[in-house]
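Encoded as structure tokens, the structure appears first; notes follow it.
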Amino acid sequence: MVVGVIVQSFTREPEPWYVYPLLVLGLVAWLAFVGLAGGAGVYVRDSGVVIVNPFGFTSLRWDEIERFSLDESPTFVQGPIGRVHRRGRGSTMIWGIRPFGDPYGKRQAQEAIAFLNQTLASNGKPV
């Protein structure tokens, strides 16, 4: 898309001066978001899990976690997404566990949630 805009700009009259800086700014913002979302995931440790999402991270001990699930998202994210449910304190989305519409992706996401729940059962201590 960006290359198409640049090619078309040479075939037409010159664009106003602010078009190219806005184009570059939009491209940089999109690349930054892709970079942030690319590092999303859940990392298992002996003491608990660290959930890395595009705009922050959450560190939870095993005794703070009730369960993990693959739920439909009530926010702007379409489709199922991983979720960690805290004991009495709501839940947090896991952007790194998300099937993208194909059966193989959904099976992988379900396997990841099952692994996290098994690890929780073996490490978690009831409150």
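Amide H to amide H under 5 Å from G79: which residues, 5+ apart in sequence or cross-chain, H placed 1.01 Å off N in plane?
S73
Give the long-range amide H neighbours of R87: residues separated by 5 or more places, or on another chain, with amide H under 5 Å away, using H modelled in the peptide plane at 1.01 Å from N.
The list, which skips near neighbours in sequence, is I65, E66.
Every number here is computed from the coordinates shown, using simple stated rules; none is lab data. Please read these numbers as outputs of a predicted model, since none were measured by experiment.
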